[in-house]
Amino acid sequence: MFNYWLFASNNLGILAIVGTLAAIGGFILMRNKFLKEVNESREREKELNKRVFESEILREISEKIGYSLNAQKLVEIITGSIGKLMSYTSVSYLIMGEDGNVKFNCNLIEAMNEAYVQELKHKVLASFNEMTGEPLLDSEVEENITGIVLENEKKKAEILSYFNLPIVVFGKVAAVINVSSTNVSQYNEKTTDVLYRIARHGSQAVSRLLEIIENEKAKLVQAVESLSDGLLMVDNDFKVVLVNKRLCSILNITHSSTLLDIVHKLSGQLDLRTMMEAAGSFGDEKIKLTEIIISDKVLQVYATKVADQHGLNPMGIAVTFHDITDAKSLERLRSDFTAVMVHELRAPLTTIKSTVELINEDPTIITPAELKHHLEVVELTAQSMLELVNDLLDVAKLEAGKFQVVCESADFALDLYERTEAFKPVAEAKNLKLTVSIDDDLPKGYYDRVRLKQVINNLLSNAIKYTDSGEIIVRAVPEEVNSEAVDILVSVGDTGIGIEKSETEKLFSRFAQLKSGHARAGQKSSGLGLFISKGIIEAIGGKIWVESAGAGFGSTFYFTVPLGKSREKEQGEEGIIFSTKRVAHA
Amino acid sequence: MSKTQDYKAIISEYIKKQMIILGPVVAVEKARKLEKIKLKDDGAVTQINGDGEEIMAMIESEYEGMIGSIAHTVLLRVIDKTSAAKGEIENV
């Protein structure tokens, strides 16, 4: 019995000990679990805070993208927000300015000494240099310190923990942010990762925005470069912002020329600086200056004030150099043309007047033979005046688009032969051989018979006029495509003075003779024949051109006449009137 | 010098450059996230477990996540410099 009680009491003691131990163990386990949960909860809270911080900053960045975000603004957003996430002694950054200058900005939360600031600068500069591979010297960096900087002896404190946050835009280092503390082990990979994510996101946003701006800028630059006018733009400090290619060519300067170079080039012609100052003080209207002549070019110069998109803040002055050399030449040509035409009309009038005066002086002493001769002179001169007036009327109609041709199906071979036969005596008078070669199977043409005779007359008379020896060959053949005639090709070739290749285009212009200097002494001509011929040929649907091996090697004029058959089918047998909308003006 | 030694030298130099760029703690902790390398606090790699080229690419990728393509530019510069130094040593 005793043994039983002893056994029972022993077991109870063991059970009590085991129970106590189990209770302690349970408590410890529960406590650890509780502490673990508390820690996890704190971690989750920290993580949540980081996420909130990240989304706040990213939202701010996104908002800025709407109008203007650049590296400077991105840096300001980040440096202005770091305090919400971590404590620090200083936040500083090194940034590449838009003007190419590098700036170091340092914001001290606590008063620190000069050595601390210099160490910061050294660290951030070292980071920048490692990334760019092109070391910047300390002296090349401008400093801007916010906060209290003490003398070195006053507060000796070291940077005990720091990290750098690079801002990379378009693959280039735009800035480096440095966050430093005088406390040890303040920052690690875990506490800073959110800032690196923000920096990367912000950098990408700035890069994307810059890419859009750069693309727009490229479009604008291309537009400015392709301008036919010279363009100069200066900022408010009269620093050259833009010189386009055309202005470089006009003034013989480079894109990197300074305002002084440009002013120097214009000296004696234009006081550019004064003119720009005047434009800057004016309203929106352009200032037009008198014309200037630079390197044989006549230029009209305008100056305008450039303002921002709201038109409130002046941003600089734009000066355009409008090249009016061609307009001036044309104006002179018109004036010369009028003078020539007046002379051409006045000379025969003088002849007529003096002949009539001679007859009237004493008609009784003039023999019938002399009278006949005088009257023939008057008739011939009047005829030449009439031709000239007709030419001028044709030109006026062509220019007004009112020149009309009446086309019909006709035997072009016959008309061409008849015209060349008429010119044979004139050619023989100059000892020139006039050969005519017309294809036996030449199809009918569709053209204005009167006007096309005018064209043939003009080409033959020119050929004879400008050929002193040799021959004139007239040919007419059907022009074929896939063995089928498409039109009639006519050529009038001569062995005369020929034409330089550069002059061939000008030959068909209204001012042909004035431009090419083709008129020769003793060759009376209005010089309008080829211009009118071109108008006629184009009005009937043909083409006209000239080929020449050069001056002294003769020339061949070609023109085409549409076929009668095809047009008849299209238009019927009636004569069709075509106006001259297509005729190009000189 | 073996290939592994070459990679150790390049990666060590690369981490040291990143320590200047990012700051020592952040750069080293970032590198230590890779289990295939062991390194000292000064960035010197003591052990590489695996293909050196692959590890180099992995560490570059880690830094690229922080500073973008500049990480690649810096690595190329380190490789050039290390190769040139190695060439000079071998030519002596």
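Give segment A:385-415 a look and list any residue that's more than 18 Å from residue A:337 (Cβ to Cβ) and either touching a residue at least 60 places away in the same chain (Cβ under 8 Å) or among the aromatic types (Phe, Trp, Tyr) (or both), or say none.
Of everything in segment A:385-415, those that are more than 18 Å from residue A:337 (Cβ to Cβ) and either touching a residue at least 60 places away in the same chain (Cβ under 8 Å) or among the aromatic types (Phe, Trp, Tyr) (or both) turn out to be A:401, A:402, A:403, A:404, A:405, A:406, A:407, A:408, A:409, A:410, A:412, A:413.
Is at least one residue of segment A:143-156 over 20 Å from residue B:16 (Cβ atoms) and in contact with a Leu (Cβ under 6 Å, 6 or more places away or on another chain)? Within segment A:143-156, one or more residues are over 20 Å from residue B:16 (Cβ atoms) and in contact with a Leu (Cβ under 6 Å, 6 or more places away or on another chain).
Here's the yes/no breakdown for (1) over 18 Å from residue A:196 (Cβ atoms); (2) open to solvent by 20 Å² or more (accessible area, probe 1.4 Å); (3) touching a residue at least 12 places away in the same chain (Cβ under 8 Å); (4) not charged (D, E, K, R):
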position: B:17; (1), (2), (3), (4): no, yes, yes, no
position: B:27; (1), (2), (3), (4): no, no, yes, yes
position: B:32; (1), (2), (3), (4): no, yes, no, no
position: B:42; (1), (2), (3), (4): yes, yes, yes, no
position: B:49; (1), (2), (3), (4): yes, yes, yes, yes
position: B:73; (1), (2), (3), (4): no, yes, no, yes
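Restricting A:119, A:153, A:130, A:98 to residues that are modelled with pLDDT of 90 or more, more than 9 Å from chain B (Cβ to nearest Cβ) and out of contact with any Phe, Trp or Tyr (no Cβ under 8 Å at 6 or more places or on another chain) narrows the list to A:119. In segment B:4-16 there is at least one residue that is facing chain A (nearest Cβ under 10 Å), under 11 Å from the mean Cα position of the chain (by Cα) and modelled with pLDDT of 95 or more. Which residues, taken from segment A:161-188, are farther than 19 Å from residue B:65 by Cβ and open to solvent by 90 Å² or more (accessible area, probe 1.4 Å)? A:184, A:185, listed by residue number. Restricting attention to segment A:248-269, the residues that are touching a Leu at 6+ places or on another chain (Cβ under 7 Å) and open to solvent by 20 Å² or more (accessible area, probe 1.4 Å) total 2. Scanning segment B:68-92 for residues that are among the β-branched types (Val, Ile, Thr) and either under 20 Å from residue B:39 (Cα atoms) or at pLDDT 90 or above (or both) gives B:70, B:73, B:74, B:78, B:79, B:82. Contact map, segment A:43-63: residues that are assigned to a helix (DSSP H, G or I) paired with residues that are open to solvent by 100 Å² or more (accessible area, probe 1.4 Å) and not aliphatic (A, V, I, L, M), Cβ distance under 7 Å, separation 6+ or inter-chain. Pairs shown: A:53/A:84. Evaluating residue B:57 against the criteria (1) part of a helix (DSSP H, G or I); (2) within 14 Å of chain A (Cβ to nearest Cβ); (3) surrounded by fewer than 21 Cβ atoms within 10 Å (Cβ to Cβ) leaves one unmet condition, (2).
When residue B:64 is tested against (1) out of contact with any Pro (no Cβ under 9 Å at 6 or more places or on another chain); (2) more than 12 Å from chain A (Cβ to nearest Cβ), just one condition goes unmet, and that condition is (2). Candidates in segment A:249-284 are the residues that are assigned to a loop (DSSP other than H, G, I, E, B) and within 24 Å of the chain's Cα centre (by Cα); of these, the one that is modelled with the lowest pLDDT is A:255.
Taking the criterion of being open to solvent by less than 70 Å² (accessible area, probe 1.4 Å), among the polar types (S, T, N, Q) and either in contact with a helix residue (DSSP H, G or I) (Cβ under 7 Å, 6 or more places away or on another chain) or not in a strand (DSSP E or B) (or both), the residues of segment A:439-491 that qualify are A:454, A:457, A:458, A:461, A:462, A:467. Taken together, the criteria place residue A:92 among residues that are small (Gly, Ala, Ser) and touching a strand residue (DSSP E or B) at 6+ places or on another chain (Cβ under 6 Å). Being out of contact with any Lys or Arg (no Cβ under 9 Å at 6 or more places or on another chain), open to solvent by less than 80 Å² (accessible area, probe 1.4 Å), closer than 20 Å to residue A:276 by Cβ and not hydrophobic (A, V, I, L, M, F, W, C) holds for only one residue in A:308, A:336, and it is A:308. Answer yes if at least one residue in segment A:531-548 is under 12 Å from residue A:487 (Cβ atoms), at pLDDT below 80 and open to solvent by 40 Å² or more (accessible area, probe 1.4 Å), and no otherwise. No, segment A:531-548 contains no residue that is under 12 Å from residue A:487 (Cβ atoms), at pLDDT below 80 and open to solvent by 40 Å² or more (accessible area, probe 1.4 Å). Look at segment A:200-233 and say how many of its residues are more than 14 Å from chain B (Cβ to nearest Cβ) and either among the charged types (D, E, K, R) or not in a helix (DSSP H, G or I) (or both). Total satisfying the criteria: 14.
Yes/no per residue for (1) part of a loop (DSSP other than H, G, I, E, B); (2) over 25 Å from residue A:161 (Cα atoms); (3) open to solvent by less than 70 Å² (accessible area, probe 1.4 Å):
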| site | (1), (2), (3) |
| --- | --- |
| A:40 | no, yes, no |
| A:77 | no, no, yes |
| A:80 | no, no, yes |
| A:88 | yes, no, yes |
| A:94 | no, no, yes |
| A:105 | no, no, yes |
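Close contacts from segment A:239-252, counting a first residue that is within 19 Å of residue A:218 (Cα to Cα) and a second that is of a type outside the set (Asp, Glu) and part of a helix (DSSP H, G or I), with Cβ to Cβ under 6 Å and a gap of 6+ residues or different chains, come to A:240/A:259; A:244/A:224. Within segment A:165-186, one or more residues are aromatic (Phe, Trp, Tyr) and either more than 8 Å from chain B (Cβ to nearest Cβ) or touching a Leu at 6+ places or on another chain (Cβ under 6 Å) (or both).
With respect to the conditions (1) among the acidic types (Asp, Glu); (2) in contact (Cβ under 8 Å) with a residue 60 or more places away in the chain; (3) assigned to a loop (DSSP other than H, G, I, E, B), residue B:13 lacks only one, and its number is (3). The number of residues in segment A:112-146 that are in a loop (DSSP other than H, G, I, E, B) and open to solvent by 50 Å² or more (accessible area, probe 1.4 Å) comes to 3.
The values are calculated or read from the model by the stated rules, or taken from the named source; none is laboratory data. Since the structure is predicted, the reported quantities are computational estimates derived from the model, not experimental observations. A quick note on method: Cβ atoms are made from the backbone with ideal geometry, for glycine too, and the neighbour counts reach across all protein chains shown. Please note that ligands, DNA and RNA were not included when accessible areas were found on the heavy atoms of the full protein model with its side chains. Shrake-Rupley method; radii C 1.70, N 1.55, O 1.52, S 1.80 Å.
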